[in-house]
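This report concerns only the one structure given below.
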């Protein structure tokens with residue numbers, strides 16, 4: 001299987017992660033790359049760098065205002081007296097329709113949903129090449145590859161069209177799906193990350209040309225909290241084109257596979273001819289976030305069921321954090337595809 005990665009994706013190295021009123025080292029570290037790459041290579045993947053498709057495919061998903069913010073906010077932030085080393089918001093608007101301020105502090109609050117997406121000097125470059133990796137993966141599949149693995153890091157599924165959050169800046173899975181649409185295909189996005197893909201849902205919520213499906217730990221007591229309930233089905237033309245399957249904390253392989261059957265049936269009913277898998281590996285029982293209890297063999301079974309659709313697959317890396325099992329989980333999943 002071909003795999004896509006650009007070395008510039010290592011450049012983003014966040015220092016801060018605030019949770020429960022305390023500041024911790026970020027779990028979204030460049031070390032994830034080494035472990036994921038080892039797991040992919042053990043499954044027989046051969047890595048190649050992405051092509052540069054330019055800003056257009058990214059701007060097809062994200063607003064120009066937001067992209068300008070991401071590209072310029074760090075040097076602007078550094079002009080603030082006694083500014084911290086990273087851009088981290090401390091105030092947020094009540095609604096997206098509130099005033100759009102000129103202040104760097106105010107714009108950070110507008111475009112960053114939480115404190116888990118600090119922006120450093122090289123965040124934009126890393127996010128840009130993470131997105132380009134997803135674009136190249138989509139192009140390869142549109143060109144006839146049966147499956148391509150994209151080591152997108154930083155991840156993307158919590159990023160809305162104009163809002164970063166949850167370690168995510170550019171929504172790689174959404175960008176890949178839109179690229180497939182531009183190639184005349186009808187994609188479904190299947191998000192198997194332990195966290196709900198709220199940004200992906202938000203981007204496509206009123207559209208009927210991309211199906212979004214997410215299996216995740218129930219957000220009543222788990223990030224992202226405000227999105228991911230079963231009653232969120234889409235709106236307008238998109239009504240019925242969003243399916244959320246929230247799972248009780250600690251759901252094991254058997255419970256997950258039952259929900260996955262429902263997800264795959266919906267993808268078939270949608271008439272999808274390609275699937276973007278938002279491949280979070282953080283549903284594993286030993287992942288630091290401990291939301292679900294999927295085993296390493298469970299990831300292989302999950303992948304085999306997805307491959308059973310008989311559709312081309314763009315496998316875009318989302319979550320999955322540093323643990324002894326991370327590489328093995330990816331090897332198992334990729335082995336279930338082939």
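The values are calculated or read from the model by the stated rules, or taken from the named source; none is laboratory data. The structure presented is a predicted model; accordingly, all values stated were derived computationally and were not measured. Every residue, glycine as well, gets a Cβ built from its backbone with ideal geometry; the counts of neighbours run over all protein chains shown.
Summary of values
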quantity: Residues located in the range 25-51, provided they are within 21 Å of residue 121 (Cβ to Cβ), in contact with a strand residue (DSSP E or B) (Cβ under 8 Å, 6 or more places away or on another chain) and outside any loop (DSSP other than H, G, I, E, B); calculated: none
quantity: Subset of the range 52-83 [assigned to a loop (DSSP other than H, G, I, E, B) and loosely packed, with under 13 Cβ neighbours inside 10 Å]; calculated: 52, 54, 79, 80, 81, 82
quantity: Residues of the range 117-155 satisfying the condition of being more than 21 Å from residue 311 (Cβ to Cβ), touching a helix residue (DSSP H, G or I) at 6+ places or on another chain (Cβ under 9 Å) and not in a helix (DSSP H, G or I); calculated: 117, 119, 120, 121, 122, 151, 153, 154, 155
quantity: Residues satisfying the stated conditions in the range 317-338, i.e. in contact (Cβ under 8 Å) with a residue 40 or more places away in the chain, in a loop (DSSP other than H, G, I, E, B), over 13 Å from residue 294 (Cβ atoms) and out of contact with any helix residue (DSSP H, G or I) (no Cβ under 6 Å at 6 or more places or on another chain); calculated: 318, 321, 338
quantity: Strands (runs of 3 or more DSSP E) lying entirely in the range 193-306 (those with 2 or more residues that are surrounded by fewer than 22 Cβ atoms within 10 Å (Cβ to Cβ)); calculated: 242-247
quantity: Among residues of the range 75-84, those that are at pLDDT 95 or above and touching a helix residue (DSSP H, G or I) at 6+ places or on another chain (Cβ under 9 Å), counted; calculated: 4
quantity: Residues of the range 167-184 satisfying the condition of being more than 15 Å from residue 134 (Cβ to Cβ) and either touching a strand residue (DSSP E or B) at 6+ places or on another chain (Cβ under 7 Å) or buried (at least 24 other Cβ atoms within 10 Å of the Cβ) (or both); calculated: 167
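Yes/no matrix, rows are residues, columns are (1) closer than 15 Å to residue 193 by Cβ; (2) over 20 Å from the mean Cα position of the chain (by Cα); (3) modelled with pLDDT under 95:
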{"position": "217", "(1), (2), (3)": "yes, no, no"}
{"position": "229", "(1), (2), (3)": "no, no, no"}
{"position": "236", "(1), (2), (3)": "no, yes, no"}
{"position": "251", "(1), (2), (3)": "yes, yes, no"}
{"position": "261", "(1), (2), (3)": "no, yes, no"}
{"position": "266", "(1), (2), (3)": "no, yes, no"}
